[in-house]
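Student: Dropping the structure in here first, questions after.
The values are calculated or read from the model by the stated rules, or taken from the named source; none is laboratory data. From a predicted model like this one, the values you see are computed outputs, not experimental measurements. Neighbour counts are summed over all protein chains in view; Cβ atoms, including those assigned to glycine, are modelled from backbone coordinates with ideal geometry. Accessible surface is based on the protein model in full, side chains and every heavy atom, while ligands, DNA and RNA are left aside. Shrake-Rupley method; radii C 1.70, N 1.55, O 1.52, S 1.80 Å.
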Amino acid sequence: FNLLKALSSAHEVTFLSFALDDDPDKEDAIKAIGALVSRLETVSEPARYSKKNLFKGLYGSTPFSVLNYRSSKMESAVAALMKEGFDAVHCSTLQMAQYVLPYEGLTRVIDLPNVESSIMKRFSETVKDPFKKIYASLTAKKLKAYEVENLKSFNACLTVSDEDGYTLRADGIESFTVDNGVDTSYFAYEEEGRKEGSLLYTGLMSYHANDDAVKYYVAEILPFIKKNYAKASFIVAGKGPSGDLKLLGEREGVTVTGEVPDMRPYLHEASVYVVPLRVGGGTRLKILEAMAFGIPVVSTSIGCEGLKVSNGEDILIADSPQEFADAVVRLLKDPELCNKLRVRARALVDAHYGWDVIGAKLLTLYETISKELK
């Protein structure tokens, strides 16, 4: 949304996207995005996770995560628009690259929130179910081959972190970093109103990395915290928790909210924001939101990967369950350290991760690409 804001401020933008027909927020989203762009069109999102595509993903060369978003309706919509003529196509996510690849002779930019093959490889290394482990390992290899084969045809690949850029460049793919950002006015800095011992984790809980993080945290980290800080409570806020996560929410001291209309009240009360991720890629918007709001953050190395953070200065980083728990307890008992982290974290966000800074960077990149092609 914020990248669209930047692009629309300087260019005429046509926006084409999948949309869920039964999404209660669909019309509001169309209204908000439509106010930014010159033209907006949507295509019904295809049914995902079909047995047919699972089978193709296992035995074919195309990764399942790409097949999951294959749609003849989207192909037709793209073909119709291409007849009108555009100077550039800005493609969001690897899954959508399949619709842009056939069209040469115009500037093609792809925006990658993460490197899909890296995420899948990490998932294959942590998941316990043997079938999922094998399937994820095969998918990771297919994603890597798909990335290497197809991303080189884009004029620019945008990553949200230098680390993701290094990964792509190691495969001979040119990339540029355009960071994730945060709305610093919406997530306004607050120091007051914290609830003692309140630990918070947010995100789309149907995403496998978040599901794994919560299960890992409750099973292996929270018991250490409770042992040393009995008043500690853990809140998991976000859409789509699995049945397993809902069961965890029945435990004493653990709350699983499901979808909430506004995350800010939960951020307002949190004493510490925890990011126990073991799987992931790109950078975490959730950390930037917590930092903007003035909540001290404890994260794994993977959780804060790609962000310009410094352990002990604007965040605490810990990877083993005991070290993670110790870091959380330390913050719960040391208000001076909390204040130091929150002030420096907010300063970091203002300097590097405001959308005005990032939007300007994106526009400059387009200007550079345009000059190089002339």
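Student: Only one of (1) under 16 Å from residue 316 (Cβ atoms); (2) out of contact with any Pro (no Cβ under 8 Å at 6 or more places or on another chain) is not met by residue 272, so which one is it?
Tutor: (2)
Student: Quick one: residue 156 ticks every box in (1) open to solvent by less than 20 Å² (accessible area, probe 1.4 Å); (2) within 30 Å of residue 266 (Cα to Cα); (3) of a type outside the set (Phe, Trp, Tyr) except a single one, so which number is it?
Tutor: All conditions are met except number (2).
Student: Can you name the residue in region 349-374 that is in contact with a helix residue (DSSP H, G or I) (Cβ under 7 Å, 6 or more places away or on another chain) and not small (Gly, Ala, Ser) and is also most open to solvent (accessible area, probe 1.4 Å) among such residues?
Tutor: Among them, the one singled out is 355.
Student: Quick one: how many residues across region 6-19 are more than 21 Å from residue 81 (Cα to Cα) and either over 20 Å from the mean Cα position of the chain (by Cα) or surrounded by fewer than 16 Cβ atoms within 10 Å (Cβ to Cβ) (or both)?
Tutor: 1
The rows are residues; the columns are (1) under 20 Å from residue 334 (Cα atoms); (2) modelled with pLDDT of 95 or more.
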residue: 198; (1), (2): yes, yes
residue: 216; (1), (2): no, yes
residue: 245; (1), (2): no, yes
residue: 252; (1), (2): no, no
residue: 284; (1), (2): no, no
residue: 298; (1), (2): yes, yes
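Student: Suppose we filter 64, 55 for residues that are more than 17 Å from residue 150 (Cα to Cα) and either of a type in the set (A, V, I, L, M, F, W, C) or over 19 Å from the mean Cα position of the chain (by Cα) (or both); which single one remains?
Tutor: After ruling out the rest, the residue left standing is 55.
Student: Spot the failing condition for residue 215; the list is (1) basic (Lys, Arg); (2) open to solvent by 30 Å² or more (accessible area, probe 1.4 Å); (3) closer than 18 Å to residue 300 by Cβ; (4) within 18 Å of the chain's Cα centre (by Cα), and only one is missed.
Tutor: With respect to (1) basic (Lys, Arg); (2) open to solvent by 30 Å² or more (accessible area, probe 1.4 Å); (3) closer than 18 Å to residue 300 by Cβ; (4) within 18 Å of the chain's Cα centre (by Cα), residue 215 is out only on (4).
Student: Pairs needed: first member in region 66-81, under 28 Å from residue 140 (Cβ atoms); second member anywhere, among the hydroxyl-bearing types (Ser, Thr, Tyr); C-beta distance under 7 Å; at least 6 residues apart or different chains.
Tutor: 66/146; 68/49; 74/99; 75/99; 78/99
Student: Among (1) open to solvent by less than 10 Å² (accessible area, probe 1.4 Å); (2) touching a residue at least 24 places away in the same chain (Cβ under 8 Å); (3) closer than 16 Å to residue 93 by Cα; (4) of a type in the set (Gly, Ala, Ser), where does residue 165 come up short?
Tutor: Only one criterion in (1) open to solvent by less than 10 Å² (accessible area, probe 1.4 Å); (2) touching a residue at least 24 places away in the same chain (Cβ under 8 Å); (3) closer than 16 Å to residue 93 by Cα; (4) of a type in the set (Gly, Ala, Ser) is unmet by residue 165, namely (2).
Student: For region 188-200, indicate whether the set of residues that are more than 28 Å from residue 125 (Cβ to Cβ), touching a residue at least 40 places away in the same chain (Cβ under 8 Å), hydrophobic (A, V, I, L, M, F, W, C) and not in a helix (DSSP H, G or I) is non-empty.
Tutor: Yes - at least one qualifying residue is present in region 188-200.
Student: Let me ask something else. Given the options 178, 182, name the one that is touching a helix residue (DSSP H, G or I) at 6+ places or on another chain (Cβ under 8 Å), closer than 20 Å to residue 272 by Cα and among the hydrophobic types (A, V, I, L, M, F, W, C).
Tutor: It is 182.
Student: Still on this structure: For residue 192, all conditions in the list (1) acidic (Asp, Glu); (2) in contact with an Asp or Glu (Cβ under 8 Å, 6 or more places away or on another chain); (3) more than 15 Å from residue 116 (Cβ to Cβ); (4) open to solvent by 70 Å² or more (accessible area, probe 1.4 Å) hold save one; what is the number of the exception?
Tutor: Unmet condition: (2).
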